[in-house]
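Encoded as structure tokens, the structure appears first; notes follow it.
The values are calculated or read from the model by the stated rules, or taken from the named source; none is laboratory data. Computed from a predicted model, the values in this text were never measured in an experiment. Every residue, glycine as well, gets a Cβ built from its backbone with ideal geometry; the counts of neighbours run over all protein chains shown.
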Amino acid sequence: MSVLKRSSQLLVWLSVVVFLFVSMACNGGSGAGSGSLRLQGAGATFPNPLYQKWLSEYSKQHPELKIEYQSIGSGAGIKQLKEQTIDYGASDAPMTDADIKSAPGEIVHVPTVLGAVVITYNLQGITQPLRFSPEVIADIFLGKIKKWNDPKITADNPGVTLPASDITVVHRAEGSGTSAVFTDYLSKVSAEWKEKVGAGTSPSWPIGMGGKGNEGVTGQVKSTPNTIGYVELAYAVQNKLPVGQVKNASGVFITPSIDTVTAAAAASAANMPDDLRVSITNAAGPDAYPISSYTYVLLYKNQKDAAKGKALVNFLWWGIHDGESFAKDLQYAPLPADIVKRAEAKINSVTANGAALR
Amino acid sequence: MSAVSEKFGAYSTWRRAISPTGNTGDAVFRFLMLLVALLMVGIVLAMVIALASESMPSLRQFGFSFLTSRDWNPVKGEFGALPFLWGTIASSIIALLISVPFSIGIAIFLVEQAPRYIARPVGFLVELLAAIPSVVYGVWGIFVLAPILRNYVEPGLAKWFSWIPLFSGSITGYGLLTGGIILAIMVTPIISAVVRDVLAAVPGSQREAALALGATKWEMIRVVLVNGMPGITGAVILGLGRALGETMAVTMVIGNRPEISFSLFEPSYTIASAIANEFTEATGDLYLSALVELGLILFLVTFVVNGFARLLVWNVTRQTGGVGRAA
């Protein structure tokens with residue numbers, strides 16, 4: 001009798017487990033199948049706060065849509081887009097030619113907003129913003145300028161008494177779009193940098209130590225005297241970090257701000273190639289902050305699923321128009337008007353089975 | 001009855017094989033548990049296979065030189081694991097050098113000296129250290145430990161011992177020493193908890209015998225330590241396994257620089273940190289596969305270390321029947 005009881009108890013437990021599994025599976029199934037569209041996106045961490053804002057605002061107007069964005073890093077976003085596990089990707093740097101070639105279909109780059117990389121430092125007793133020439137930044141990060149009172153630094157900063165202490169360089173430890181923009185800039189302004197280090201998300205830094213994330217770099221800079229590092233503009237503004245002025249291609253020292261970043265985009269709008277993949281570091285305009293860059297949403301030009309594709313292009317269209325109004329509050333520079341036009345054309349070029357989606 | 005069971009001989013043999021008691025419920029249960037156990041083995045195997053197959057491009061490209069090359073330059077497509085291997089092992093060894101004396105001291109105090117009303121809360125607090133998330137250790141490292149090391153400890157060491165290469169180099173507060181100290185704090189609760197159980201398992205007769213022969217308390221403790229030595233070694237190696245794989249806290253204070261330096265003050269880099277830092281932005285198949293190969297190396301290192309620890313602990317339990325069973 002007790003044997004029977006035990007085995008029937010086991011049976012009850014088993015059926016409970018099976019029931020739970022089945023009901024969970026059904027839940028998952030019904031969630032996806034209840035008529036609502038679900039778009040998955042992933043990529044760059046830099047525009048994540050803005051994209052999350054876009055998603056929440058857009059979903060208020062379109063409750064039938066479920067659009068998601070995971071900030072897993074530009075590289076991982078590109079990888080997932082190539083593997084077609086997501087509907088759209090996002091990257092700070094445009095995709096490389098090699099990446100584009102190895103993708104299973106043509107990929108469209110839609111610029112969404114702009115960001116900038118700023119120089120921050122920890123020097124006690126110095127209140128006015130320091131000024132940096134491009135070659136000085138390159139030499140500091142190459143390890144050639146070792147002391148804060150180096151004549152090359154003091155030449156740009158008349159009237160500022162700089163300490164005779166060693167410069168400690170802090171850079172991003174992890175692969176990052178911020179590093180890519182910064183090294184892209186240094187490669188443009190310094191032949192030596194280009195040859196020795198080059199540009200990339202994880203370059204091999206000649207000197208210095210790595211902090212993890214903007215917050216890691218900031219933490220190390222804040223807690224260590226005589227350090228210099230670079231972080232995103234938005235992060236520096238929100239945390240009220242001391243920020244250096246950088247001499248641009250027109251020879252003017254520019255304070256990084258949303259306006260000077262948009263100016264950099266406007267100044268280089270004329271050289272924008274057809275695929276919109278462009279680096280705008282070291283832009284030529286007199287107001288242009290030189291270490292600026294676009295951030296992009298990436299999607300396939302030919303969408304497999306017309307309904308999903310239509311929802312996606314509508315969302316992006318809304319983003320580069322209505323969505324831009326959220327950019328400034330979150331310390332992103334909105335696209336200049338001509339670039340919005342170029343981005344519109346890109347969005348309009350997206351098709352599904354040969355038919356235009358907009 | 002016997003005729004029936006002979007008739008269905010094959011069936012009943014099979015029944016008895018999966019369930020000696022001949023009970024259906026037992027058979028089902030036995031089968032389920034077997035499945036769970038095999039699943040665990042399967043997961044480990046699947047991980048090794050996945051790591052190996054994903055790291056194929058890098059294995060093919062670099063072969064053995066991956067382990068000996070000091071260059072890590074993703075921009076130029078050069079990948080070598082040596083600086084990471086060095087940083088991983090060096091930081092773990094520093095951690096053990098600091099934490100082992102502390103851990104054993106804590107264990108001796110808790111088992112041999114402290115009255116119960118002190119031993120309980122102190123033991124609890126030490127174990128609580130293990131529950132603190134590693135990112136919290138990292139933040140504490142950046143804002144508390146690194147400034148202390150930079151302002152007081154490292155200048156002092158440099159002043160007196162700068163003729164030793166270990167204590168030369170630039171003083172920033174971030175580097176191998178800081179990473180090692182953070183790790184030491186993190187592995188101390190693990191090692192001390194196991195050592196405490198090992199010491200507690202040493203039979204009281206050993207202590208009584210030592211004391212009866214006129215040993216002082218210190219001499220008696222030495223007898224206990226010698227008795228528990230294999231178990232203590234096992235505990236240390238378990239701590240080493242933890243130190244080798246720790247990622248977040250170390251990443252935040254070690255300086256993340258893939259370079260081999262013999263100075264404790266210079267930045268270094270560990271395998272786990274490198275993977276965590278670079279994986280998300282790794283574009284290109286070779287880069288990704290080099291990172292996966294780093295993971296494979298770390299997996300093998302920790303696997304060997306843990307296997308070694310298990311062997312030691314097993315050896316102890318077999319010989320003395322209980323000392324070290326907690327490990």
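The single condition among (1) within 27 Å of B:Met248 (Cα to Cα); (2) in contact with a strand residue (DSSP E or B) (Cβ under 9 Å, 6 or more places away or on another chain) that A:Ala199 does not meet is (2). In summary, A:Ser187 fulfils each of the numbered conditions (1) part of a loop (DSSP other than H, G, I, E, B); (2) modelled with pLDDT of 95 or more; (3) within 12 Å of chain B (Cβ to nearest Cβ) with the single exception of condition (1).
A quick yes/no check of all residues on (1) under 30 Å from B:Gln61 (Cβ atoms); (2) among the β-branched types (Val, Ile, Thr); (3) at pLDDT below 90:
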{"site": "B:Phe79", "(1), (2), (3)": "yes, no, no"}
{"site": "B:Glu112", "(1), (2), (3)": "no, no, no"}
{"site": "B:Val126", "(1), (2), (3)": "no, yes, yes"}
{"site": "B:Ser134", "(1), (2), (3)": "no, no, no"}
{"site": "B:Ser168", "(1), (2), (3)": "no, no, yes"}
{"site": "B:Thr172", "(1), (2), (3)": "no, yes, yes"}
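If you go through the stretch A:190-205 and keep only what is at the interface with chain B (Cβ under 10 Å from one of its Cβ atoms), touching a helix residue (DSSP H, G or I) at 6+ places or on another chain (Cβ under 7 Å) and either buried (at least 18 other Cβ atoms within 10 Å of the Cβ) or in contact (Cβ under 8 Å) with a residue 60 or more places away in the chain (or both), you end up with A:Val197, A:Ala199, A:Gly200, A:Thr201, A:Ser202, A:Pro203.
Scan the stretch A:144-161 and give yes if some residue there is part of a helix (DSSP H, G or I) and within 14 Å of chain B (Cβ to nearest Cβ), otherwise no. Within the stretch A:144-161, none of the residues are part of a helix (DSSP H, G or I) and within 14 Å of chain B (Cβ to nearest Cβ).
Is it fair to say B:Phe167 is under 27 Å from the mean Cα position of the chain (by Cα) and over 24 Å from B:Leu238 (Cβ atoms)? Judged against the criteria, B:Phe167 is a match.
Set side by side, the residues B:Pro155, B:Pro101 differ, and just one is within 19 Å of the chain's Cα centre (by Cα), surrounded by fewer than 20 Cβ atoms within 10 Å (Cβ to Cβ) and free of Cβ contacts under 8 Å to residues at least 60 places away in the same chain, which is B:Pro101. Candidates in the stretch B:57-89 are the residues that are more than 21 Å from A:Glu174 (Cα to Cα) and hydrophobic (A, V, I, L, M, F, W, C); of these, the one that is surrounded by the most Cβ atoms within 10 Å (Cβ to Cβ) is B:Phe62. Checking each residue in the stretch B:274-295 for being within 10 Å of another protein chain (Cβ to nearest Cβ), among the polar types (S, T, N, Q) and either in a loop (DSSP other than H, G, I, E, B) or surrounded by fewer than 24 Cβ atoms within 10 Å (Cβ to Cβ) (or both) picks out B:Thr280, B:Thr283.
Being within 14 Å of chain A (Cβ to nearest Cβ) and on the phi < 0 side of the Ramachandran plot: is that true of B:Ser192 here? Here the answer is no, as B:Ser192 does not meet what is asked. Residues in the stretch A:279-299 that are more than 22 Å from A:Lys328 (Cα to Cα) and crowded, with 19+ Cβ neighbours inside 10 Å: A:Asn282, A:Leu298, A:Leu299.
For the stretch B:195-219, filtering for residues that are buried (at least 18 other Cβ atoms within 10 Å of the Cβ) and within 30 Å of the chain's Cα centre (by Cα) leaves 7.
Here A:Pro290 meets each of (1) touching a strand residue (DSSP E or B) at 6+ places or on another chain (Cβ under 6 Å); (2) more than 18 Å from A:Ala90 (Cα to Cα); (3) outside any loop (DSSP other than H, G, I, E, B) with one exception, condition (3). Which of (1) in contact with a helix residue (DSSP H, G or I) (Cβ under 6 Å, 6 or more places away or on another chain); (2) of a type outside the set (Phe, Trp, Tyr); (3) at negative phi is the odd one out, the single condition A:Thr260 does not satisfy? Of everything listed in (1) in contact with a helix residue (DSSP H, G or I) (Cβ under 6 Å, 6 or more places away or on another chain); (2) of a type outside the set (Phe, Trp, Tyr); (3) at negative phi, A:Thr260 misses just condition (1). A:Ala76 passes every criterion in (1) over 17 Å from A:Ala311 (Cβ atoms); (2) at pLDDT 90 or above; (3) outside any loop (DSSP other than H, G, I, E, B) apart from (2). If we keep just the residues of the stretch A:206-238 that are small (Gly, Ala, Ser) and part of a strand (DSSP E or B), which is farthest from the other protein chains (Cβ to nearest Cβ)? Residue satisfying both the conditions and the ranking: A:Gly229.
Exactly one residue out of B:Ile106, B:Ile142 is in contact (Cβ under 8 Å) with a residue 12 or more places away in the chain, under 15 Å from B:Val194 (Cα atoms) and assigned by TED's automatic domain parsing to the domain that holds B:Arg242, and it is B:Ile106.
Out of A:Lys308, A:Lys341, A:Lys328, one residue alone is within 24 Å of A:Ile119 (Cα to Cα) and of a type in the set (Lys, Arg). It is A:Lys328.
A single member of B:Ala107, B:Ala90, B:Ala95 is among the small types (Gly, Ala, Ser) and farther than 17 Å from B:Leu264 by Cβ, and it is B:Ala107.
For the stretch A:328-348, a residue qualifies if it is small (Gly, Ala, Ser) and crowded, with 22+ Cβ neighbours inside 10 Å, and the qualifying residues are A:Ala333, A:Ala343.
Considered as a group, the residues in the stretch B:68-125 that are hydroxyl-bearing (Ser, Thr, Tyr) and away from chain A (no Cβ under 14 Å) include one that is farthest from B:Leu177 (Cα to Cα), and that residue is B:Tyr117.
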